[in-house]
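Reading through the structure tokens given below for one structure.
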Amino acid sequence: MILYPIWGIIQQFLLISLVAGNLHDMRPPNLTNWQIIVLTATLFSLVHYPFVWLMIPTFVLALVYGYLFLKERNIYVLGFFHGWLGAICFYTIVDRDPFVEIFLR
């Protein structure tokens, strides 16, 4: 719960900020905010391949993240939320403890 939010912020920067932020700022012709959000959510979902059970909720959450990012331009709150939600899901759904796997082997 302490380290995963840092990784969440990095992921938000790499995908939401760089992709959605740059597409929004460059404003390619005929590309709306919703198209930018859907494209970014698709890429964010594909990063979680081959876990389809993770790709679908990640896509939905990335739609929300994309909308909020384009509105507020704050990756820190999104990154912390992503990290905490990811850590909780990893621990409860996947039934693995990444802290133990990394540091206590």
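Treating each Cα of the chain as an identical point scatterer and summing with the Debye formula, the log10 of I(q)/I(0) at q = 0.14, 0.17 Å⁻¹ comes to -0.55, -0.76. Sorting the segments 23-29, 77-83 by their mean number of nearby beta carbons within 10 angstrom, highest to lowest, gives 77-83, 23-29. Within the chain, the selection of entire DSSP H helices by a Cα span of 15 Å or greater along the long axis and an average Kyte-Doolittle value of at least 0.5 returns 33-46, 52-72, 75-92. Computed over segment 2-87, relative contact order equals 50 percent, with contacts defined as Cα pairs under 8 Å that lie 6+ residues apart. Note that the chain presents 67 Å² accessible area per residue, ligands and nucleic acids not counted, probe 1.4 Å.
With K and R counted +1 and D and E -1, the other residues having a Cβ less than 15 Å from that of Trp34 yield a net charge of +2. For the chain, the carbon plus sulfur part of the accessible surface works out to 73%, probe radius 1.4 Å.
In this structure, Val94 and Tyr49 have a Cβ-Cβ separation that, at R0 = 22 Å, corresponds to a calculated FRET efficiency of about 0.90.
The values are calculated or read from the model by the stated rules, or taken from the named source; none is laboratory data. Quantities reported herein were computed from a predicted structural model and do not represent experimental measurements. Using ideal geometry, Cβ is built from the backbone for each residue, glycine included, and neighbour counts are taken over all protein chains shown. The protein model used for the area step is the full one, side chains on, heavy atoms only, and it has no ligands, DNA or RNA in it. Shrake-Rupley method; radii C 1.70, N 1.55, O 1.52, S 1.80 Å.
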